[in-house]
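The values are calculated or read from the model by the stated rules, or taken from the named source; none is laboratory data. From a predicted model like this one, the values you see are computed outputs, not experimental measurements. All Cβ positions, glycine included, derive from the backbone under ideal geometry; neighbour counts span all protein chains shown. We work out accessible area using only protein heavy atoms, side chains counted, and drop any ligands, DNA or RNA first. Shrake-Rupley method; radii C 1.70, N 1.55, O 1.52, S 1.80 Å.
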Amino acid sequence: MAAIVKPAGVRTFANRRVFWVPTLTEGAPTAAQINAGTSTELTQLLYADGTGRPGADVARVNAPRRVGSSTVEESFGVVTRNYGDLLYTEDPQAADSVAANKARTALVPWDEGYLVEFPGLSAEDGGASTAIVAGVKGRYYKAQLGPQIDDATGDGEGDEFAIRQPVSVKGDPVRFTLAV
């Protein structure tokens, strides 16, 4: 019998980079597409509390009971992929060009594109490059953006103005290794 293995975990806390990429090569995205001027890094614009996570609602269905059986078999039905809402920074009195409004200007309601995540990459690591390089593993979600909804981060003294924006996922997530 093989020895019991307990691998070290990889922390998720402040350890994910997120981009909005209007166009990419499905199945084989490139570093050039992620780093292009049309892409927007959302990592430090998204609020951790309030921004959803990728998920799925999975239906379970029962087969019809047979006359001679007291049990039924369960199987899976419809899978509805979701990403949750994005909650991001906004400075309502500042120009669109300021950093706090970068997501608001890039995430145009009803546009389709890709939410690209690089789990395990920190935006705070002092030795990390700001550019995403070939060989990095990630996943993307083809998505359509919903309307921008004026919001705030909570209901306390330290709250900040924000925009909430629903996301509609178009298909299954795709895991990839970034090409050159």
Problem set entry | the chain - percent of accessible surface contributed by carbon and sulfur, probe 1.4 Å | 53 percent
For this session: Count neighbours as other Cβ atoms within 10 Å of each site's Cβ, and list the GluC sites (Glu not before Pro) in the range 23-78 that are DSSP loop with at most 11 such neighbours.
Result: Glu73
Exercise. Cα-based Rg of the range 1-91 per 2.2 N^0.38 Å, rounded to two decimals?
Worked result: 1.76
For this session: Select from Ser97, Val174, Ser122 the residue farthest towards the positive end of the dipole of the chain; place +1 on Cβ of Lys and Arg, -1 on Cβ of Asp and Glu, and compute about the Cα centre.
Result: Val174
Seminar exercise, completed: Treating only Lys and Arg (+1) and Asp and Glu (-1) as charged, each at its beta carbon, one finds that the range 91-180 has a dipole about its Cα centre, in Debye to the nearest 20, of 700 debye
For this session: Calculate, for the chain, the solvent-accessible area per residue in square angstrom, rolling a 1.4 angstrom probe over the heavy atoms of the protein chains.
Result: 63 Å²
For this session: Quick one: grab the alpha carbon gyration tensor of the range 78-172, order the square roots of its eigenvalues as a ≥ b ≥ c, and give me rounded if a/c is under 1.5, else prolate or oblate depending on whether a/b is larger than b/c.
Result: oblate
For this session: Give me the lysines in straight-line cross-link reach of Lys142: C-alpha distance below 27 Å, same-chain residues under 8 apart excluded.
Result: Lys102, Lys170
Problem set entry | Fully extended contour minus Cα-Cα distance, from Ala134 to Glu26, at 0.36 nm per residue | 37.3 nm
Exercise. How are the Cα pair distances of the chain distributed, in percent, across 10 Å bins from 0?
Worked result: 9, 30, 30, 17, 9, 5, 1, 0
Problem set entry | For the range 136-180, alpha-carbon Rg relative to the globular expectation (2.2 N^0.38 Å, N residues) | 1.70
Problem set entry | Of Thr80, Thr30, Thr51, the one that fluctuates the most in a GNM where the chain has Cα springs shorter than 10 Å | Thr80
Exercise. So which chymotrypsin sites (Phe, Trp or Tyr not before Pro) in the range 80-180 pass both tests, a DSSP loop state and at most 12 other Cβ atoms within 10 Å of the Cβ?
Worked result: Trp110
Problem set entry | Long-range amide H partners of Arg17 with built H, under 5 Å | Phe118, Gly120, Leu121
Exercise. Which of the aspartates and glutamates could a cross-linker bridge to Lys137, judged by Cα under 19 Å and excluding same-chain residues fewer than eight apart?
Worked result: Glu26, Glu41, Glu117, Glu124, Asp125, Asp172
